[in-house]
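A.B. asks: Dumping the structure here so I can ask a few things about it.
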Amino acid sequence: MSINALLNQRWQFCHQPLTWRNAIHMACQPLINEHKVNAHYPLHIIDALKQDSSAFVAGTATLVVYAKPEHGVISKQGEAAVLKCEKPVVLPDGNKIRMIITISAGDIQEQNELRRQVISWLSEKQRSERLLQTTSQPMLHKRMTADLHAAY
């Protein structure tokens, strides 16, 4: 599945300060609302982040988060959603992030491939930096739309 299809219209912007746990719940919400993952999926991500948040870092101030497919994935195809936070979110290890991309997939191989694709897409043409510079939902929408259409 293309990045364009994965991230199409699943992006949120948050102006409020969030705890890292609340940020994970909010980042998962579009996938929960669309019945792609169940309500327990963010809890498994939180448990994994408590153990080693560095495993999910995907560049400056950005996380790509996921749980094992058996921990709440409903849709077996690859899915993703983006949360951009205006205020930094402090992780358990002290790192500060401002963008969380939640992914889910039906099996580990697909999940690893999806993670690789998202990280590659973020690193191309300084996308991550441009998205981190957004200051509103309309600006995020405009940049995501432009970057997704430019990608394919």
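A.B. asks: Note down the net charge around ARG115, summing +1 for each Lys or Arg and -1 for each Asp or Glu among other residues with Cβ under 14 Å from its Cβ. Each step should come with its number before you reach the end.
C.D. replies: Values: positive: LYS68, ARG116; negative: GLU79, ASP107, GLU110, GLU113.
In short, -2.
A.B. asks: Just want to confirm a number: the relative contact order over the chain, from Cα pairs under 8 angstrom separated by 6+ residues, in percent. The partial results should precede the final answer.
C.D. replies: Details: 249 pairs, mean separation 46.0, N = 152.
Reported as a whole number, the value is 30 percent.
A.B. asks: From the helices alone, meaning DSSP H stretches of at least four residues, give me the mean residue ellipticity at 222 nm for the chain, per-run term -39500 (n - 2.57), in deg cm²/dmol to the nearest 500. Intermediate values should be presented prior to the final figure.
C.D. replies: Details: 6 runs with 68 residues, N = 152.
After summing the helix terms and dividing by residue count, I get -13500 deg cm²/dmol.
A.B. asks: Would you order HIS71, HIS44, HIS141 from fewest to most other beta-carbon atoms within 10 Å of each residue's own beta-carbon?
C.D. replies: Exposure proxy ranking, most exposed first: HIS141, HIS71, HIS44.
A.B. asks: Out of the DSSP beta bridges found with both residues in segment 1-114, what percent are antiparallel (nearest 5)?
C.D. replies: The answer is about 55 percent antiparallel.
A.B. asks: Here are a few candidate values for volume of the Cα convex hull per residue in Å³: (1) 126; (2) 239; (3) 94. Which one was actually calculated from the structure I just gave you?
C.D. replies: (3)
A.B. asks: Are there trypsin sites (Lys or Arg not before Pro) in segment 104-136 that DSSP marks as loop and that have at most 13 other Cβ atoms within 10 Å, and which are they? Spell out each step's value before the answer.
C.D. replies: On the way: sites: ARG115, ARG116, LYS125, ARG127, ARG130; in loops: none.
Here no loop site has a sparse enough neighbourhood.
All of the numbers you see were taken from the coordinates with simple rules; none came from a lab. The structure presented is a predicted model; accordingly, all values stated were derived computationally and were not measured. Quick reminder, even Gly has a Cβ in these numbers, built from the backbone with ideal geometry, and neighbours come from all protein chains shown.
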